[in-house]
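Throughout, read-outs are computed from the coordinates displayed, never taken from laboratory work. Keep in mind the model is a prediction, meaning the values are calculated, not measured. Positions of Cβ are backbone-derived with ideal geometry, glycine not excepted, and every protein chain shown enters the neighbour counts.
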Amino acid sequence: MAVPVPVRPDPAARPAPRRWRWLLCLAPLAAIAAVWAGLLPATARSGPAAASAPRDAPPVAAPAVADAPESPCTRTPVDAAPPAASTFAEFVERLVAIGIDTSRLDAAGDREGAEASDRRARAEFAAMMEQLPDAECEALAALAGRGEPRADDVPGRLRRQVWNLALRIGLERRHRQALAAPARRPALDTLVAATLTALPAGDALAHELAEGQLENRPYLAAVHEPAVLDLVARSGEHRFPADVAEALLTTLWHNLQANGERGSEELAALALALFHDGNESERRAAGRLLVRDDRWRAVVLQHLRAAKDLELARELALVAAQQLAPATALEVLATAAAVGADTTAPFLLLGHRDVGALRQAYEQRLAADTDPQLRNLLVAGGGFAGTPEGIELARLALDSDPDADVRVRAVFALTASAGAALGESAVARALDDPRIGADPQRLGALVQALDNLAQLGLSNALDRLGQRLRLMPALTPAARADLEHILARALPGGRTSR
Amino acid sequence: MHALSAIPLFAAAALPLLAQTACPHTKTKDIPASYVMGPTVDCDAGINLAIGGVTVTSAQRACPLFAVVTPTHQEIVKSDLATRTEQNGNAQELLVTFHCNPHYLLFVRLSDTCDLDRTQVIGAVPLLRTIECESATTRI
């Protein structure tokens, strides 16, 4: 039975009747089911307008819930309705047309015209969101009901971007309204629940909606916990992308703690259980939570040492490098490196945040002459930060480190970041060190550092270093070929001046 | 990972020298090309880019600040056969930085791009090959 739903006033402006919360959840399901089963009316399947029924058309109940009151996505004009406004599909098509027009003007160099067109698009979009209080609901149904367009289908891609933008703005709108008036939170929760319900329809859709709308955003709440845990369970059975499940669980836990819906003790207890017994998504999400917790970090690090789980170690090192205080992060990074996850990425990340912390850690280990592999990574992280302090760290390593491999790493950093004179002198100094200049393997590695000078256009430095390297007896045929290749790109004909 | 792979590269590379009198019974193991992405910024475009023999792909709206690309290389592991390894080159480990270049004029950001900013060589990884020991078969 169709129940008329007034288009105005804005239903989001008051608490939604409880039954609509669940009906709204069914809307995208209905759309998916209808598309899959080919149940949508021909007019609705025939093109982009399928995203919504025309406002002035007879009410159309979602087929999959035909015996229930229709979803809030199905609007029926009330008796005293104002003059018919545009439908969602009509707005979308106009936005697509404006987008194409703006692209054409921009490509033709008509900046003023493009700006004017862009203003038209903004006004049109604002009008759509103002006039259609359930635009985000229609956008979700459209996204769930239609697959990713081909790369050359420009209107199709624009249309999908409009749908995504409408959903994003709609979620933000409902979130703002919920913050202002908690009684309106159900409107947000329902839309989020509907989005979660749509995710298992396909991996591409799961990535698109989860990454674009839910991950790292404040929308997931306790009411969504069963749905998120269901997705996590599906991922354990390889029926849902594990990375999406993990990110959603991480976001949910973050929000639960931030909103005060779960105490940190309660979450930590759950995470601990999942860390040891959960599936891959659960273990990773739990690890990410626990490594940020001062009380439980040691447990995670102990697990990394015992299990030598390199993938988890790399992932947690990246989390630590981004989110923990530098000194604490270094503890995680050092543990990850010690178990074999000796990737440079987390050190580079931390170097961009706080070179000073890396330098302090390096100096401590240099003074004690311990952990040469960790020193190597610390020099990489600091040396490529692109700051004067980072360059000083690399210079210190080149001048003072007893480990030849750390010195080679310092040369890479200095050739990439320190400018012409310092880069060239760094290579020259390394060549003077017999542990490098007379060692075929290290010398071959050093040759690769010349590429940094080539990329900076330092042809004179390359000319001089190339001449010297060609005469070095430890240069292997393979390293010689690498050298000539680099010189050929940097110097005319690959010829040095002598 | 095999225990022997923990041998520092340059220490392990010295093993062939000993092979004149003793075969180290080692061989190479391929380490597939890989990349690690740094944090991403919101952008209406991600990346799908071939760099150093690796296709680096990000989420569709995530532009990474950087990616570390490690090409295919080899490590040394134990062998049951009378073989040893020798280095026949190096490959570059790359630090690739990106920035989001939004064509903000377009309301619908069709042409947003996550652009490659700079490529730097941050290190070298060994290219190794396995060869037969000349004559000796003694394990060391």
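Using the Kirkwood formula on the Cα atoms of the stretch A:354-498, what hydrodynamic radius do you get, in angstrom to one decimal? It would help to have the intermediate numbers written out before the result.
Values: mean 1/r = 0.0659 Å⁻¹.
Computed over Cα pairs of the stretch A:354-498, the Kirkwood hydrodynamic radius comes out at 15.2 Å.
If you take the beta carbon distance between A:GLN364 and A:ASP230 as r and set R0 to 51 Å, what does 1/(1 + (r/R0)^6) give as a FRET efficiency, to the nearest 0.05?
0.60
For B:114-126, what's the mean count of beta carbons from other chains sitting within 10 Å of each residue's beta carbon?
Details: counts 0, 0, 0, 0, 4, 4, 11, 12, 13, 11, 14, 2, 3.
Mean shielding by partner chains, rounded to a whole number: 6.
In debye, nearest 20, what is the charge dipole magnitude of the stretch A:354-498 about its Cα centre with +1 on Lys and Arg Cβ and -1 on Asp and Glu Cβ, if you could check?
580 debye
Using the eigenvalues of the Cα gyration tensor, what equivalent ellipsoid semi-axes result for the stretch A:94-229 when each is taken as the square root of five times the eigenvalue, whole Å, largest first?
30, 19, 11
Taking a label point 7 Å from the Cα of A:GLN302 along the Cα→Cβ vector, which residues of the stretch A:327-342 have an amide N closer than 17 Å to it?
Residues A:332, A:335-336 fall inside that zone.
In whole Hz and in residue order, list the ³J(HN,Hα) couplings for the stretch A:152-158 that follow from phi through the Karplus curve 6.51 cos²θ - 1.76 cosθ + 1.60, θ = phi - 60°; x for Gly and Pro.
8, 8, 4, x, x, 5, 4
List the residues, sorted by chain then number, that are 5 or more residues from B:ASN88 or on another chain and whose placed amide H is less than 5 Å from its amide H.
Correct list: B:LEU127, B:LEU128, B:ARG129.
Taking 45 Å as R0, compute the FRET efficiency from the Cβ-Cβ separation of A:ARG111 and A:HIS238 and round it to 0.05. All intermediate terms of the calculation are to be shown ahead of the outcome.
On the way: r = 50 Å, r/R0 = 1.11.
Efficiency, rounded to the nearest 0.05: 0.35.
Step through the residues of the stretch A:468-480 one at a time and calculate ³J(HN,Hα) from phi using the Karplus curve (6.51 cos²θ - 1.76 cosθ + 1.60, θ = phi - 60°), rounding each to whole Hz and writing x for Gly and Pro.
5, 5, 4, 8, 7, x, 7, 6, 6, x, 5, 5, 5
Report the net charge of residues surrounding B:VAL77, where surrounding means a beta-carbon distance below 10 angstrom and charges are Lys +1, Arg +1, Asp -1, Glu -1.
Value of the local net charge: +2.
Modelled label-to-label distance, A:ALA438 and B:LYS78, 7 Å Cα→beta-carbon offset: nm?
The modelled label-to-label distance comes out at 3.4 nm.
Roughly how many whole Å is it from the C-alpha centroid of the stretch A:217-283 to that of the stretch A:395-437?
46 Å
Per 5 Å bin, what is the whole-percent P(r) computed from every C-alpha pair distance within the stretch A:262-336?
Result returned by the calculation: 3, 18, 31, 27, 16, 5, 0.
Under a 5 Å amide H to amide H cut-off, with H placed in plane at 1.01 Å, what residues pair with B:VAL56 once short-range neighbours are removed?
HN-HN under 5 Å from B:VAL56: B:LEU49, B:ALA50, B:ILE51.
Starting from the amide H of B:CYS133, placed 1.01 Å from N in the peptide plane, find each other amide H under 5 Å away whose residue is 5 or more places distant or on another chain.
So B:CYS133 has HN proximity to B:THR83, B:ARG84.
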